[in-house]
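Read the figures in this text as sums done on the coordinates, not as results from a lab. None of the values given here were measured: they were computed from a predicted structure. So basically every Cβ, Gly included, is an ideal-geometry build from the backbone, and we count neighbours across all protein chains shown.
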């Protein structure tokens, strides 16, 4: 599920830990636009790929 933030509302990115106004929510985690773009463009053989996986593991799926 993708949700955009309203203007002037900031959230902390789970990847880079910076506070940003624009980005997406994945369950309980917020990812800023810059990190989202980097994640999508990173190849699986890139060293940053493992870092992104580790950071995305912070997202907790809702309990059913």
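By how many degrees, between 0 and 90 and to the nearest 10, does the Cα long axis of helix 47-56 differ from the longest principal axis of the chain? Between helix and principal axis, roughly 40 degrees. Counting every other Cβ atom within 10 Å of each residue's Cβ, 40, 64 order from fewest to most as 64, 40. Look at the alpha carbon pairs under 8 Å that are at least 6 residues apart: their mean separation over the length of the chain gives a relative contact order of 29 percent.
Footprinting exposure proxy ranking of 36, 9, fewest other C-beta atoms within 10 angstrom first, gives 9, 36. Spin-label model, residue 42/residue 57: points 7 Å from Cα along the beta carbon direction are separated by 1.4 nm. Neighbour counts of C-beta atoms inside 10 Å place 43, 17, 38 in the sequence 43, 17, 38, starting with the fewest. Here the gap between residue 22 and residue 49, fully extended at 0.36 nm per residue and compared with their Cα-Cα distance, gives a gain of 7.5 nm. For the chain, adding -39500 (n - 2.57) for each run of n ≥ 4 DSSP H residues and dividing by the number of residues yields -8500 deg cm²/dmol at 222 nm.
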